[in-house]
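A.B. asks: The structure follows.
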Amino acid sequence: MGNLGTVSLGQSGGRRVPPTRVCFDTPMKIENTPVAVRRRTEDDLGACVRLLREVHEHDGYPVSWPERPASWITPPTFLGAWVAELDGRVVGHAGLAGPRPGDGAPVQWSLRTGAGVEATAMVNRLYVSPSARGHGIGALLLAKAVEAAREHGLHPVLDVAAHDAAATALYERLGWELLATVGQEWGPHGLVAVRTYAAPSGVSPRPAPAAARSS
């Protein structure tokens with residue numbers, strides 16, 4: 001696995017990625033806040049890379065800085081990506097991709113359900129600016145990726161480093177199911193414990209009103 005990471009919502013996270021293409025143009029807004037989530041465009045890549053650098057320096061996510069960060073957030077099995085904007089600036093990012101060798105959650109979902117790994121989509125590259133946390137941005141981005149996966153008839157899954165308490169708390173609060181904890185080789189970082197999750201079946205839960213949540 002090496003250099004990869006899954007999520008950063010407050011602590012470092014870890015995981016793998018995937019690709020193809022999904023388009024969602026309608027902004028999502030948090031009640032009583034100016035946060036909007038929309039499809040990422042090519043013009044957003046610079047801002048997304050700068051945000052990734054900010055998160056890397058604050059949280060250690062990703063574990064190792066990628067040589068080509070724009071490519072890192074647009075992996076080979078790319079299905080789509082979204083950004084969150086707050087007061088006109090990009091403060092969050094999430095991606096969606098098809099499963100790749102080494103991803104844990106697609107395999108665990110296949111073992112659990114009997115479906116092939118190709119029936120899953122991996123939520124990845126989910127990170128939020130340290131200065132913009134507390135607005136439920138991670139939950140909004142996650143909901144958008146889940147919506148996109150289901151539009152394509154795929155079940156959303158993800159991997160996250162077991163030590164990332166902030167990310168695992170978010171997933172479990174939103175009803176994601178822990179499939180298993182597995183070991184993944186992350187290159188020079190050695191064997192890392194990774195928790196694999198699947199989104200709840202049926203309609204995905206929407207984020208709670210801003211006053212009722214913290215992230």
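A.B. asks: At what distance in nm do the modelled label points of residue 65 and residue 181 sit from each other, each positioned 7 Å from its Cα along Cα→Cβ?
C.D. replies: That separation, rounded to one decimal, is 3.2 nm.
A.B. asks: Output the Cα-based Rg and Dmax of region 80-202 in Å, rounding Rg to one decimal and Dmax to a whole number.
C.D. replies: Spelled out, the Cα radius of gyration and Dmax of region 80-202 are 14.3, 45 Å.
A.B. asks: Whole-Hz ³J(HN,Hα) for each residue in region 97-107, computed from phi via Karplus 6.51 cos²θ - 1.76 cosθ + 1.60 with θ = phi - 60°, x for glycine and proline: what do you get?
C.D. replies: 8, x, x, 10, x, x, 5, x, 4, x, 5
A.B. asks: Turning to a different aspect of this structure: For region 140-200, run through the trypsin sites (Lys or Arg not before Pro) and keep only the ones in DSSP coil with at most 16 other Cβ atoms within 10 Å of their Cβ. Before the final figure, lay out each step's value.
C.D. replies: Numbers: sites: 144, 150, 173, 195; in loops: none.
Sites meeting the loop and neighbour criteria: none at all.
A.B. asks: Hey, what do the phi angles of region 169-185 turn into as Karplus ³J(HN,Hα) couplings, whole Hz, using 6.51/-1.76/1.60 and θ = phi - 60°, x for Gly and Pro?
C.D. replies: 5, 4, 4, 5, 5, 8, x, 5, 9, 6, 8, 5, 10, 10, x, 10, 7
A.B. asks: Tell me which residues come under 5 Å, amide H to amide H, from residue 136 once H is placed; ignore anything under 5 positions away on its chain.
C.D. replies: For residue 136, whose amide H was placed from the backbone, the distant partners under 5 Å are 215.
A.B. asks: In whole Hz, what ³J(HN,Hα) sequence does region 111-121 give by Karplus (6.51, -1.76, 1.60; θ = phi - 60°), x for Gly and Pro?
C.D. replies: So the J values, rounded to whole Hz, are 5, 6, 10, x, 7, x, 4, 5, 8, 10, 9.
A.B. asks: If you don't mind, there's one more thing I want to ask. Where the eigenvalues come from the Cα gyration tensor of region 46-104, what are the semi-axes √(5λ) of the equivalent ellipsoid, largest first, in whole Å? Please list the in-between numbers first.
C.D. replies: Details: eigenvalues 84, 47, 19 Å².
Equivalent ellipsoid semi-axes, largest first: 20, 15, 10 Å.
A.B. asks: Can you give me the long-range amide H partners of residue 40? Hydrogens built in the peptide plane at 1.01 Å from N, cutoff under 5 Å, separation of 5 or more residues or another chain.
C.D. replies: 81, 82, 83
A.B. asks: To the nearest Å, what is the center-to-center distance of region 105-130 and region 157-175, using C-alpha atoms only?
C.D. replies: Each part reduced to its Cα centre gives a spacing of 13 Å.
A.B. asks: Out of residues 5 or more away from residue 121 or on other chains, whose amide H comes under 5 Å of its own, with H placed 1.01 Å from N in the peptide plane?
C.D. replies: Here the answer is 155, 157, since their amide H atoms fall under 5 Å of that of residue 121.
Bear in mind these aren't lab numbers, they're just calculated from the coordinates by the rules spelled out. Source: prediction; values computed, not measured. Virtual Cβ from ideal backbone geometry, glycine too; neighbours counted across all protein chains shown.
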